[in-house]
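The values are calculated or read from the model by the stated rules, or taken from the named source; none is laboratory data. In this text, all values refer to a predicted model and were calculated from it rather than measured experimentally. Please note: Cβ atoms are built from the backbone with ideal geometry, for glycine as well, and neighbour counts cover all protein chains shown. These accessible areas exclude ligands, DNA and RNA; they are computed on the full protein's heavy atoms, side chains included. Shrake-Rupley method; radii C 1.70, N 1.55, O 1.52, S 1.80 Å.
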Amino acid sequence: MNPVNNPNPSRQPPAAAYRGRLAPSPTGYLHLGHARTFWVAQERARANGGTLILRNEDLDSTRFKMEFVDAMLEDLRWFGFEWSEGPDCGGPFAPYHQSERMEFYRATLEKLRAGNCIYPCTCSRKDIQQAIRAPHAGDDELIYPGTCRDKKLSTLNSQPSTRFSWRFRVPDGETISFMDGNYGEQKFVAGKDFGDFIVWRGDDVPAYQFACVADDAAMRITEVVRGADLLVSTARQILLYRALNLPPPDFFHCALMLDDKGERLAKRHDSLSLRELRGQGISPEQLRDGWGVSNKAG
Ligand code: GLU
C-alpha cells in the first residue's frame, strides 16, 4: 500500500533502537579482558547504529575506591571507547552512578516484595558479601539451602536488631532458557544450577543481580554484552525480569580472555591493566590487533 494512503501509518511500531552498555565496577584498574568485552559491546552498538551508555557500578562501597572511578573513565577514553550517556556526560536516564540510584532501587525492591517473590534471610555474612559482586566463574554463589524460605518480615520486625538480606525465591526445577547471541541456546535449571539468590544485602546495599536488572530495564538497554562467566547470572536475571513484569533484553556473552596459565584475567593481573600497558608505550591499536576473530564462542 502506498504509505500516503495508509490509514494507519503508525500501526507498526518501529523496532526499538539498539541501546548497549558498558557496566564496569571501579574495584581496581581495568585490564585487557574488560577492554575486549567492552570493545565487542561498542562494536555491536556501532554495527546496529545504536547508542552506547556507560554505567558506573559503584554500589559496593567496601570494595570500590574513588580513584578507580577517574582512572576507569580515563582508561576507557584512552582505549577508544565513546559513550553518549554516562556519569561524565549525563543523559535521559541519569544518574549513571549506581550509588546515586538508591531510591529507585528501593522502589523496585518494593515491587518484588509486594509480589511475594522475595523473603528476608538471616543467613551468613559470607553469602551476603558474595551477592554484591557479579558472581564470575569460579566464585559462583552456593546453592542456597532454603533455610529462611518461610521467614516472614513480621517475625523479624519483633527483633529489630536482627540484620537480614532479601533473597529471591527461584522456581525449583524450572528450566530457564534463553538464546545467546554468541553461544546459542542456553538452559539452566533453577534450584540445581543456581539457587535462591540475594537481591538486597544485610548492610542495606542492592546486590548485583538486582541492580543490574533494574538499571538495564530503566535505561532501556536492548542488548547486554558481557563475559561468558555471567551466563548463569543471566538465568537469574531473567527470573527478575519476569517477576518485575519487564521484557528482558537480548544477551551476547563474550569468551573470556585467559592468562598464559589458562586462568581468567582478573583485576589482580596488574601487568595487564590498561594503565600498565599504556605506561609501557603500547597503543590501543596494538592491543586490539586480531580481536575481530578471537572473541567467538568456542
Ligand atoms: N559490574 C559488573 C561486573 O563488573 C557488570 C556485569 C554485567 O555486565 O552485567 O562484572
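Filtered by the rule that a residue be assigned to a loop (DSSP other than H, G, I, E, B), small (Gly, Ala, Ser) and modelled with pLDDT of 65 or more, region 1-28 gives 15, 16, 17, 23, 25, 28.
The set of residues in region 145-168 being touching a helix residue (DSSP H, G or I) at 6+ places or on another chain (Cβ under 9 Å) and either surrounded by fewer than 18 Cβ atoms within 10 Å (Cβ to Cβ) or part of a loop (DSSP other than H, G, I, E, B) (or both) consists of 153, 162, 163, 164.
Considering every residue within region 209-228, establish whether at least one is assigned to a helix (DSSP H, G or I) and farther than 20 Å from residue 101 by Cβ. For region 209-228, residues assigned to a helix (DSSP H, G or I) and farther than 20 Å from residue 101 by Cβ: present. When residue 263 is tested against (1) open to solvent by 20 Å² or more (accessible area, probe 1.4 Å); (2) in contact with an Asp or Glu (Cβ under 8 Å, 6 or more places away or on another chain), only condition (2) is not met. Tallying residues that are of a type outside the set (A, V, I, L, M) and at pLDDT 95 or above within region 281-298 yields 5. Of the residues making up region 42-57, one or more are of a type outside the set (Val, Ile, Thr), surrounded by fewer than 18 Cβ atoms within 10 Å (Cβ to Cβ) and closer than 25 Å to residue 259 by Cα.
Look at (1) within 15 Å of the ligand (Cβ to nearest atom); (2) at pLDDT 90 or above and you find that residue 60 fails only one, number (2).
Which condition number does residue 97 fail, the rest of (1) at pLDDT 95 or above; (2) open to solvent by 80 Å² or more (accessible area, probe 1.4 Å) being met? Single failed check for residue 97: (2).
The set of residues from region 236-259 being surrounded by fewer than 22 Cβ atoms within 10 Å (Cβ to Cβ), aliphatic (A, V, I, L, M) and over 15 Å from residue 218 (Cβ atoms) comprises 238, 243, 255, 256, 257, 258. Within the bounds of region 238-257, is there any residue that is within 13 Å of residue 35 (Cβ to Cβ), within 11 Å of the ligand (Cβ to nearest atom) and either in a strand (DSSP E or B) or in contact (Cβ under 8 Å) with a residue 40 or more places away in the chain (or both)? Taking every residue of region 238-257 in turn, at least one turns out to be within 13 Å of residue 35 (Cβ to Cβ), within 11 Å of the ligand (Cβ to nearest atom) and either in a strand (DSSP E or B) or in contact (Cβ under 8 Å) with a residue 40 or more places away in the chain (or both). Of the residues making up region 192-214, not a single one is open to solvent by less than 40 Å² (accessible area, probe 1.4 Å), over 23 Å from residue 36 (Cα atoms), without any contact (Cβ under 8 Å) to a residue 40 or more places away in the chain and more than 13 Å from the ligand (Cβ to nearest atom). Of all residues in region 201-244, those that are among the hydrophobic types (A, V, I, L, M, F, W, C) and touching a Ser or Thr at 6+ places or on another chain (Cβ under 6 Å) total 1.
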